[in-house]
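Peer 1: Attaching a single structure in structure tokens format; questions to follow.
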Amino acid sequence: MIDCQLYLISPLDVAGAFSERLERALAAGPVAAFQFRVKGVDEHEAARLAAPLQEICAARDCAFIVNDSVSLARRLKADGVHLGQDDGDVREAREALGREAQIGVTCHASRHLAMEAGEAGADYVAFGSFFPSGTKDSEHRPQDRPGPEILAWWQRLFEIPCVAIGGITPANCAPLVSAGADFLAVSGAIWADDEAEAVASFHRAIAAGGPP
């Protein structure tokens with residue numbers, strides 16, 4: 001059985017017709033979570049942009065996760081928040097958002113950061129960037145990128161889910177699925193073209209890429 005699931009990350013521009021694109025993506029196959037990731041707007045504008053997307057996710061039983069901002073997540077009563085290494089403390093986020101909130105942490109290629117996040121009470125840890133990404137600048141030189149083995153190591157030792165992120169496409173995801181990624185976090189590969197076909201392609205790749 002393959003338990004790997006899709007975790008979509010929004011493009012930076014979610015105005016205009018993006019809500020229709022999100023509906024098409026979620027209708028194309030199961031998506032576990034959607035991360036709302038916008039930059040350069042104040043919280044009021046972010047909340048306005050988020051509202052229709054949050055409704056779409058709720059209708060499809062897709063978790064709505066806010067990137068970076070605990071205060072926005074709390075304002076929206078979002079399902080959770082995703083924290084970068086400079087975005088706050090897991091324990092403080094838990095206190096602000098409550099026991100039911102899903103709190104994820106970016107851990108790059110660091111086993112140490114992932115263990116710290118787990119000990120602090122994170123609900124998932126995210127490793128990456130596994131491949132070059134056009135969506136987000138990576139802090140890793142190519143020789144410092146994590147490999148699939150970090151996912152296999154995590155799965156052997158810990159029960160907290162792990163997310164693979166960074167430049168993932170249907171064509172390159174098989175080793176990550178096979179290594180034990182619980183979620184594939186994807187953005188550019190979804191929104192760069194036909195989002196419905198991209199979601200369907202990922203599901204086909206996941207089904208084909210798991211352990212024998």
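The values are calculated or read from the model by the stated rules, or taken from the named source; none is laboratory data. This is a predicted model, so every value here is computed, not measured. All Cβ positions, even for glycine, are placed from backbone atoms using ideal geometry, and neighbour counts span all protein chains on display.
Peer 1: State yes or no: is Asp13 part of a loop (DSSP other than H, G, I, E, B), within 18 Å of Asp182 (Cα to Cα) and within 18 Å of the chain's Cα centre (by Cα)?
Peer 2: So Asp13 fails the test.
Peer 1: Which residue, of Val14, Val31, is touching a helix residue (DSSP H, G or I) at 6+ places or on another chain (Cβ under 6 Å) and surrounded by 13 or more Cβ atoms within 10 Å (Cβ to Cβ)?
Peer 2: Going through Val14, Val31 in turn, just one is touching a helix residue (DSSP H, G or I) at 6+ places or on another chain (Cβ under 6 Å) and surrounded by 13 or more Cβ atoms within 10 Å (Cβ to Cβ): Val14.
Peer 1: Still on this structure, I have one more. Going by what's in this entry, would Glu159 be described as out of contact with any Gly (no Cβ under 8 Å at 6 or more places or on another chain), of a type outside the set (Gly, Ala, Ser), surrounded by fewer than 19 Cβ atoms within 10 Å (Cβ to Cβ) and modelled with pLDDT of 95 or more? Steps first, please.
Peer 2: Working: out of contact with any Gly (no Cβ under 8 Å at 6 or more places or on another chain): yes; of a type outside the set (Gly, Ala, Ser): yes; surrounded by fewer than 19 Cβ atoms within 10 Å (Cβ to Cβ): yes; modelled with pLDDT of 95 or more: yes.
For Glu159, the condition - out of contact with any Gly (no Cβ under 8 Å at 6 or more places or on another chain), of a type outside the set (Gly, Ala, Ser), surrounded by fewer than 19 Cβ atoms within 10 Å (Cβ to Cβ) and modelled with pLDDT of 95 or more - is met.
Peer 1: Something else: Exactly one condition in (1) under 22 Å from Gly167 (Cβ atoms); (2) part of a helix (DSSP H, G or I); (3) not basic (Lys, Arg) is not met by Val38; state its number.
Peer 2: If we test Val38 against (1) under 22 Å from Gly167 (Cβ atoms); (2) part of a helix (DSSP H, G or I); (3) not basic (Lys, Arg), just (2) comes out false.
Peer 1: Collect the residues in region 29-60 that are aliphatic (A, V, I, L, M) and within 18 Å of the chain's Cα centre (by Cα), keeping them in residue-number order.
Peer 2: Val31, Ala32, Ala33, Val38, Ala50, Leu53, Ile56, Ala58
Peer 1: Moving on. Quick check, is Ala185 crowded, with 19+ Cβ neighbours inside 10 Å and in contact (Cβ under 8 Å) with a residue 24 or more places away in the chain? Let's see the steps before the verdict.
Peer 2: Values: crowded, with 19+ Cβ neighbours inside 10 Å: yes; in contact (Cβ under 8 Å) with a residue 24 or more places away in the chain: yes.
The answer is yes for Ala185.
Peer 1: Now for a different question. Tell me which residues, restricted to region 16-35, are touching a residue at least 40 places away in the same chain (Cβ under 8 Å), assigned to a loop (DSSP other than H, G, I, E, B) and not β-branched (Val, Ile, Thr).
Peer 2: Matches in region 16-35: Ala28, Gly29, Pro30, Ala32.
Peer 1: Between a residue in region 200-211 that is buried (at least 20 other Cβ atoms within 10 Å of the Cβ) and any residue that is modelled with pLDDT under 90 and not in a helix (DSSP H, G or I), which pairs come within a Cβ distance under 7 Å, given they are 6 or more apart or on different chains?
Peer 2: Ile206/Ile2
Peer 1: Within region 129-156, restricting attention to residues that are part of a loop (DSSP other than H, G, I, E, B) and modelled with pLDDT of 95 or more, which residue is surrounded by the fewest Cβ atoms within 10 Å (Cβ to Cβ)? Step through it out loud before you land on a result.
Peer 2: Of the residues in region 129-156, the ones part of a loop (DSSP other than H, G, I, E, B) are 129-141, 145-148.
With modelled with pLDDT of 95 or more added as a condition, the list becomes 129-131, 146-148.
Values: Ser129: 23, Phe130: 26, Phe131: 17, Pro146: 21, Gly147: 13, Pro148: 18.
By that ranking, first place goes to Gly147.
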